[in-house]
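The structure appears below as structure tokens.
The values are calculated or read from the model by the stated rules, or taken from the named source; none is laboratory data. Everything numeric here is computed off the predicted structure, so don't read it as measured data. A quick note on method: Cβ atoms are made from the backbone with ideal geometry, for glycine too, and the neighbour counts reach across all protein chains shown. Ligands, DNA and RNA are excluded from the accessible area calculation, which covers all protein heavy atoms including side chains. Shrake-Rupley method; radii C 1.70, N 1.55, O 1.52, S 1.80 Å.
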Number of protein chains: 2
Amino acid sequence: MEGEERRRKKEKGGKGKQIDEAKQKFVLKTAKGTRDINSKQMMIREKVLSVIVSCFERHNAVTIDTPVFELKETLTGINGEEFKLIYNLKDENGEQLSLRYDLTVPFARYLAMNNITNIKRYHIGKVYRRDNPVMTRGRYREFCQCDFDIAGQYDPMIPDAECLRIVYEILRELDLGDFRIKVNDRRILDGMSAVCGVPDEKFCTICSTVDKLDKMPWEDVKSELINKKGLSEDVADQIGEYVSMQGGLDLAEKLLQDPKLSQNKQACAGLNDMKLLFVYLQCFKITDKVVFDLSLARGLDYYTGVIYEAVLCQTLQPEVPVAGDRAGVNAGSVGSVAGGGRYDGLVGQCDSKGRTVPCVGLSIGIERILCILEQKAKTSAEKIRTTKTQVLVASAQKNLLEQRLKLTNELWDAGIKAEVLYKKNPKLLTQLQHCEETGIPLVAILGEQEIQNGVVKLRNVATREEVDVSRDQVVEEIKRRIINL
Amino acid sequence: MEGEERRRKKEKGGKGKQIDEAKQKFVLKTAKGTRDINSKQMMIREKVLSVIVSCFERHNAVTIDTPVFELKETLTGINGEEFKLIYNLKDENGEQLSLRYDLTVPFARYLAMNNITNIKRYHIGKVYRRDNPVMTRGRYREFCQCDFDIAGQYDPMIPDAECLRIVYEILRELDLGDFRIKVNDRRILDGMSAVCGVPDEKFCTICSTVDKLDKMPWEDVKSELINKKGLSEDVADQIGEYVSMQGGLDLAEKLLQDPKLSQNKQACAGLNDMKLLFVYLQCFKITDKVVFDLSLARGLDYYTGVIYEAVLCQTLQPEVPVAGDRAGVNAGSVGSVAGGGRYDGLVGQCDSKGRTVPCVGLSIGIERILCILEQKAKTSAEKIRTTKTQVLVASAQKNLLEQRLKLTNELWDAGIKAEVLYKKNPKLLTQLQHCEETGIPLVAILGEQEIQNGVVKLRNVATREEVDVSRDQVVEEIKRRIINL
């Protein structure tokens with residue numbers, strides 16, 4: 001059967017030609033939902049990662065790494081139930097292993113296992129979800145997350161505010177256009193839900209419906225709350241009133257006066273912390289980008305305090321949300337490129353003695369950002385160089401390969417990115433064309449005449465200017481020139 | 001059963017105390033043969049990777065990335081048979097997937113799939129083998145490989161020589177003590193084997209015995225060849241004569257005159273290329289580190305031409321070799337830290353039309369290198385900083401948190417790595433101690449007196465010198481100072 005299927009595929013692709021069956025041993029493709037990243041995409045990726053890492057380092061984080069797979073019970077144990085999108089490995093040596101689906105659970109495991117009570121760390125790594133891929137929108141089964149977390153017992157809202165500042169700095173520097181960071185608090189959601197009369201057991205499912213408000217009108221959300229989730233119209237309307245509210249410090253103060261919410265202890269704790277958060281955000285000069293939005297609910301159950309999500313204002317593409325995505329990116333929520341929040345209970349769930357370590361953190365979803373930047377690069381006239389070569393060592397006549405290799409070697413010894421074509425006797429024109437095509441700015445040309453005169457000809461590819469430099473001084477001269485290129 | 005086992009473990013660890021059963025949900029550990037990498041280890045790792053990447057870029061490579069898992073048939077198909085150390089995933093969506101066990105097979109798949117006929121690329125990534133881990137020697141089931149490969153049809157031995165030069169540059173720069181790069185050629189091994197009278201079907205198994213010569217005396221190897229591999233004593237002795245030979249250009253020339261070898265076409269092709277290789281290695285000034293060694297066989301079957309392996313002279317620890325490890329590191333061969341060779345057939349095995357793309361490449365096995373450097377770091381007096389923080393913004397009195405946050409924010413805006421303690425009212429002593437402990441070189445101290453005078457006190461942590469700087473100019477002054485720190 002499988003062989004037949006392959007043959008059929010080949011006949012389709014083979015345009016009627018006979019193909020030697022023995023040659024094609026298997027179908028050439030990557031696994032569903034995954035992709036190769038080519039050199040151009042890697043250049044963009046590295047630029048983005050360098051912005052993110054610089055920011056994480058500017059905010060004093062160390063970095064760690066954890067294995068790509070964990071014991072299955074570590075992943076399912078922390079969340080209590082099996083996360084259905086997990087990739088499991090075949091049990092071939094007595095261990096049940098699964099690929100990590102985020103970097104937060106391995107982080108909590110790491111803290112508990114090593115008895116670490118305070119750390120500020122970033123972790124950049126790939127995570128895996130057997131989700132419905134949408135490759136054109138940066139939604140993959142293997143994708144990169146950039147996480148920054150602050151673990152430890154500190155005075156309230158200072159680390160939380162720094163996390164928001166970090167999201168702000170990264171989005172500003174990546175130059176993705178205008179953005180907003182929505183914030184809310186799990187305790188405010190809890191309190192609101194309670195005072196509106198939502199039964200405790202329905203809290204999570206109600207939140208996930210409310211969270212759709214950024215891509216559905218209220219009328220549709222309300223209808224889902226009533227018809228699918230079984231709320232009464234009165235309860236739904238009460239919720240509707242709260243979740244339409246957006247603001248800042250002022251809104252927190254106003255809600256602290258709200259006759260219903262002010263009676264709820266949880267809500268008041270959340271609202272007072274929200275006030276404090278905005279005071280610190282003022283110090284960080286980012287209140288113009290941050291919105292206190294009561295409709296923000298997010299998917300993950302482990303949040304205990306402030307939650308946030310960053311959305312780009314330009315790229316609004318509706319899509320179906322998926323639970324369990326801290327960055328909200330794979331979830332495909334509208335333009336969401338970063339997210340996070342406070343999770344004070346997760347480490348305690350891992351620890352044998354239940355010792356808690358309060359944590360707050362963020363995750364940048366770079367695949368979506370890369371998707372946008374790759375599209376930008378395609379439409380831009382600017383050519384992306386995929387190598388950083390500074391000099392080509394070329395020859396003008398035959399039989400100069402060894403001379404070329406020797407000079408190239410001297411350049412490598414001097415730390416210069418130098419290339420030589422792997423041909424014994426390449427034509428000068430071919431060598432110059434190679435520079436034009438790959439963007440190499442400088443050529444060092446060796447010719448019989450030059451060797452007799454003890455010089456090397458240096459050619460500026462852009463201006464086509466040529467100048468003879470003494471062979472003894474050519475490495476120094478090239479060093480001097482590439483600084484200015 | 002499982003629950004009971006856990007309880008027993010806890011009783012052991014619990015020192016007689018009663019522990020709440022509900023709290024410990026699972027055993028906290030990483031999967032067998034894997035480990036977390038802490039912040040100190042990450043600092044060393046990043047230094048090593050930066051040396052390697054700089055070298056790869058100096059040699060004009062682009063970089064790509066491929067998924068961590070491939071279709072199982074891609075991994076098994078290329079090698080013809082199932083590689084027994086492969087990690088397989090549970091088939092939950094109709095695809096049989098396996099974790100990659102090296103970066104070479106995915107590279108060959110990438111070239112064939114995208115019809116790429118020439119590229120110079122590096123790839124740094126983790127690979128997976130269900131091997132026998134020896135954690136203390138850097139032998140893991142998840143480990144990082146740094147591969148550099150040159151694909152394309154070029155004039156002979158020029159790219160091959162560059163690969164050796166790259167291994168040389170990296171080992172020199174990593175400062176791991178003296179080293180040697182052994183080279184041989186698959187065709188010379190083939191020819192030698194044939195002229196000594198080894199049956200074709202025994203070639204691979206004979207090679208793997210000969211390859212042990214770097215950790216076993218000839219007598220033991222000979223006995224294995226005769227008793228385990230079934231060679232006659234005469235054949236074994238003939239092999240023994242060849243594989244004891246080491247040299248350079250001279251040895252290649254001598255062997256071209258060898259009455260037996262000179263009659264073998266394969267051997268002559270290999271020896272002539274070896275001569276050419278050494279001519280280019282002379283241009284690259286590395287012949288003092290490269291040894292033509294007829295006992296070098298290496299494990300992998302896909303090599304078609306030159307093969308090489310780098311060994312450190314200092315750290316010689318005998319261990320059992322494992323097939324299928326290009327870097328030879330996980331194989332634990334004596335001090336081997338890099339390896340590679342020419343494989344002209346691999347891409348053709350992937351391609352539906354059998355189109356070949358000649359390739360030569362190398363793999364740096366960094367886990368072993370890191371193991372050595374981590375041990376060095378432990379015995380060294382030098383303290384490793386795990387953060388790069390340049391300034392702590394501190395306060396001398398209470399109620400200055402917002403002032404501290406505002407100044408810190410200005411420093412972040414200026415690109416300075418600045419930290420503030422997450423405490424409303426930290427003691428000055430605590431703040432200064434934090435700097436001493438974490439190696440922060442500069443403190444900006446805000447106090448009531450300073451604020452009244454419109455200044456900030458800058459303190460050099462090492463010299464304890466303090467100077468008042470105008471609040472308006474403090475960011476510029478800090479910028480100026482950190483350049484010199």
> Looking at segment B:193-213, which of its residues are closer than 21 Å to B:V290 by Cα and either of a type in the set (K, R) or open to solvent by less than 10 Å² (accessible area, probe 1.4 Å) (or both)?
Replying inline: B:V210, B:K212
> Given the conditions (1) in a helix (DSSP H, G or I); (2) β-branched (V, I, T); (3) more than 17 Å from the chain's Cα centre (by Cα), and given that A:T30 satisfies all but one, which numbered condition is not satisfied?
Replying inline: (1)
> In the set B:V195, B:V134, B:V127, which member is at pLDDT 95 or above and within 17 Å of the chain's Cα centre (by Cα)?
Replying inline: B:V127
>> On the basis of being in contact with a Phe, Trp or Tyr (Cβ under 9 Å, 6 or more places away or on another chain), farther than 30 Å from A:I158 by Cβ and at the interface with chain B (Cβ under 8 Å from one of its Cβ atoms), does A:G77 make the cut?
In response: yes
> Which members of segment A:43-60 meet the condition of being open to solvent by less than 20 Å² (accessible area, probe 1.4 Å) and facing chain B (nearest Cβ under 7 Å)?
Replying inline: A:N60
>> Step by step: first the residues of segment A:254-269, then only those that are more than 19 Å from A:G305 (Cβ to Cβ) and among the charged types (D, E, K, R), then the one that is least open to solvent (accessible area, probe 1.4 Å). Which residue is that?
In response: A:D258
>> Test of understanding: among A:D185, A:D178, which residue is within 25 Å of A:K260 (Cβ to Cβ) and either outside the structural domain of A:R45 (by TED's automatic domain parsing) or of a type in the set (D, E, K, R) (or both)?
In response: A:D185
> Considering A:N88, A:N93, A:N38, which residue is without any contact (Cβ under 8 Å) to a residue 24 or more places away in the chain, buried (at least 16 other Cβ atoms within 10 Å of the Cβ), farther than 28 Å from A:G348 by Cβ and within 10 Å of chain B (Cβ to nearest Cβ)?
Replying inline: A:N38
> A:V291 fails exactly one of the following numbered conditions: (1) in contact (Cβ under 8 Å) with a residue 60 or more places away in the chain; (2) within 14 Å of chain B (Cβ to nearest Cβ). What is the number of that condition?
Replying inline: (2)
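Taking the condition of being over 30 Å from B:Y87 (Cβ atoms) and not aromatic (F, W, Y), how many residues in segment B:124-170 meet it?
In the first step, residues of segment B:124-170 are kept if they are over 30 Å from B:Y87 (Cβ atoms); the result is B:152-162, B:164-165, B:168-169.
Adding the requirement that they be not aromatic (F, W, Y) leaves B:152-153, B:155-162, B:164-165, B:169.
Qualifying residue count, segment B:124-170: 13.
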> What helices (runs of 4 or more DSSP H) lie completely within segment A:113-230 and have 3 or more residues being touching a residue at least 60 places away in the same chain (Cβ under 8 Å) and within 14 Å of chain B (Cβ to nearest Cβ)?
Replying inline: A:158-174
>> As an exercise: evaluate A:A310 against (1) in a loop (DSSP other than H, G, I, E, B); (2) open to solvent by less than 40 Å² (accessible area, probe 1.4 Å) and give the number of the one condition it does not meet.
In response: (1)
> Got at least one residue in segment A:102-112 being crowded, with 20+ Cβ neighbours inside 10 Å, without any contact (Cβ under 8 Å) to a residue 60 or more places away in the chain and facing another protein chain (nearest Cβ under 9 Å)?
Replying inline: yes
> Somewhere in segment B:372-387, is a residue modelled with pLDDT under 95, in contact with a Phe, Trp or Tyr (Cβ under 6 Å, 6 or more places away or on another chain) and more than 12 Å from chain A (Cβ to nearest Cβ)?
Replying inline: no
> Does any residue in segment B:372-385 that is over 19 Å from B:R137 (Cα atoms) come within less than 9 Å, Cβ to Cβ, of a residue that is open to solvent by 100 Å² or more (accessible area, probe 1.4 Å) six or more places away or on a different chain, and which pairs are these?
Replying inline: B:I384/B:K40
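For a quick check of your reading: which strands (runs of 3 or more DSSP E) sit entirely within segment A:377-475 and have at least 2 residues that are open to solvent by less than 30 Å² (accessible area, probe 1.4 Å)?
Numbers: elements: A:391-395, A:442-446, A:455-460, A:466-470.
Correct list: A:391-395, A:442-446, A:455-460.
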> Of the residues B:G365, B:G348, which is more than 14 Å from chain A (Cβ to nearest Cβ) and more than 30 Å from B:T438 (Cα to Cα)?
Replying inline: B:G365
>> Against the condition touching a Cys at 6+ places or on another chain (Cβ under 8 Å), at pLDDT 95 or above and open to solvent by 40 Å² or more (accessible area, probe 1.4 Å), how does A:R172 come out, does it pass?
In response: no
> Do we find a residue being at pLDDT 70 or above and not in a loop (DSSP other than H, G, I, E, B) anywhere in segment B:295-302?
Replying inline: no
> Listed residues A:A327, A:A323; which is open to solvent by 10 Å² or more (accessible area, probe 1.4 Å), modelled with pLDDT under 95 and assigned by TED's automatic domain parsing to the domain that holds A:V183?
Replying inline: A:A323
>> Name the residue that is nearest to B:D190 (Cα to Cα), counting only residues in segment B:256-281 that are assigned to a helix (DSSP H, G or I) and without any contact (Cβ under 8 Å) to a residue 24 or more places away in the chain.
In response: B:S262
> Could you give every pair whose Cβ atoms fall below 6 Å, whose first residue belongs to segment B:401-426 and is within 7 Å of chain A (Cβ to nearest Cβ), and whose second residue is assigned to a loop (DSSP other than H, G, I, E, B) and at pLDDT below 95, counting only separations of at least 6 or pairs across chains?
Replying inline: B:K417/B:K388
